[in-house]
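This report concerns only the one structure given below.
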Amino acid sequence: MKRIAPLLATAAALALSLSACGSSGDNTTSTEGKDALQQIKESGVLTVGTEGTYRPFSYNEGSELTGYDVEVIKAVGEKMGVEVKFQQTQWDAIFAGLDAGRFDVIANQVAVNPEREAKYLFSEPYTVSTGVIVTKSDNTDITSFESLKGKKTAQSLTSNYYETAKAAGATVEPVEGWAQAVTLLKQGRVDATVNDKLTFLDAQKTHPDDSIKIAAEATEKTDSAVAMRKDETALQGAINDALDQLRADGELAKISEKYFGEDVSK
């Protein structure tokens, strides 16, 4: 394993030198002297990082990427007058991809919290929801977030709900997403999972399952927004302008109702 380090160092140096030469194969979204919005306008393309496995927000239906977040960011792109291209990325690597310039923004139900706001810029929220505790239907021990203390939950380690579960005193079993969390729950390997209420409702609509239930719901609302790198204030302004237009003309409400039966954008 120790022999890998020099090889990696050599490879990194080579990659840096190629980048400095302005290789036409460079995949990053930033160019010296130009902010992201300028580049997006010149190229006519807004590159978006999204998971593609997070129904109903971003998922694949056959060969087509679809979902609430996908439709919202496509509508934003239309208002900005640019094409939207997606790069599907696992959630646990999505912020690293943004940092590396693999895409301009993330549209994947990114919850706004102080830790993320310290590192990234966010648009105005396009989803407002609450967190819920999901348990097996016959569970009577968990009735509030306080009752998670000493229990075991299944969470993605980089999700907002991981912090919620830890703060409540739960032991967290790391998972990749909702499907894996529910599998562990139904197998009895965890006591609960904390997730977005909209995810639960969509899952129940798509695949009704009376073996699980919402055991408790948070009183605080969670805002989800488009995330971008910290210095891209011009891009933030353009996306906010597009979202304002989509609210005004009723398009955001229309997309919300398609997926959830009500307006979840405010």
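Derivation of every value follows stated rules applied to the coordinates shown; laboratory data play no part. Every value quoted in this text rests on a predicted model; they were computed, and no experiment measured them. Backbone-built Cβ (ideal geometry, glycine too); neighbour counts: all protein chains shown.
Result for the chain in a Gaussian network model with C-alpha springs under 10 Å: among GLY188, GLY62, GLY150, the largest mean-square fluctuation is at GLY62. At 7 Å along Cα-to-Cβ for each site, give me the label-to-label distance between VAL128 and LYS149 in nm. Roughly 3.2 nm, to one decimal.
Per residue of the chain, the DSSP helices (runs of n ≥ 4 H) give a summed -39500 (n - 2.57) that works out to -11500 deg cm²/dmol at 222 nm. In a simple Cβ point-charge model (Lys, Arg +1; Asp, Glu -1; nothing else charged), the chain has a dipole of about 820 debye relative to its Cα centre.
Ranked by how many other Cβ atoms sit within 10 Å of their own Cβ, fewest first, the residues VAL175, VAL194 fall in the order VAL175, VAL194. Of interest is the spacing of the C-alpha centroids, which for the stretch 179-198 and the stretch 242-264 amounts to 29 Å.
Taking each of LYS152/LYS205; LYS149/LYS221; LYS41/LYS258; LYS74/LYS186; LYS85/LYS166 in turn, the alpha-carbon distance tops 28 angstrom for LYS41/LYS258; LYS74/LYS186; LYS85/LYS166. Cross-link partners for LYS213 among the aspartates and glutamates, with Cα-Cα distance under 18 Å and sequence neighbours closer than 8 places in the same chain left out: ASP138, ASP141, GLU146, ASP191, ASP196, ASP202. When the chain is treated as a GNM with alpha-carbon contacts under 10 Å, the residue of GLN155, GLN187, GLN236 showing the greatest mean-square fluctuation is GLN187.
Look at the dipole of the chain built from charges on Cβ: of ALA181, GLY261, THR219, the Cα furthest out on the positive end belongs to ALA181. Per-residue packing, averaged as other Cβ atoms within 10 Å, sorts the ranges 89-100, 157-168 into the order 157-168, 89-100, beginning with the highest. Seen from GLN187, the other residues with C-beta closer than 13 Å to its C-beta sum to a net charge of +2, counting Lys and Arg as +1 and Asp and Glu as -1.
Between the amide H of GLU83 and those of VAL45, LEU46, distances stay under 5 Å, these residues lying 5 or more places away or on another chain, with hydrogens modeled in the peptide plane. Listing ILE214, ILE133 from fewest to most neighbouring C-beta atoms within 10 Å gives ILE214, ILE133.
Considering only SER156, SER63, SER123, the Gaussian network model of the chain with Cα springs below 10 Å gives its largest mean-square fluctuation to SER63. Take the Cα of ASP244, go 7 Å toward its beta carbon, and the backbone nitrogen atoms of the stretch 198-234 under 17 Å from that spot belong to 226, 233-234.
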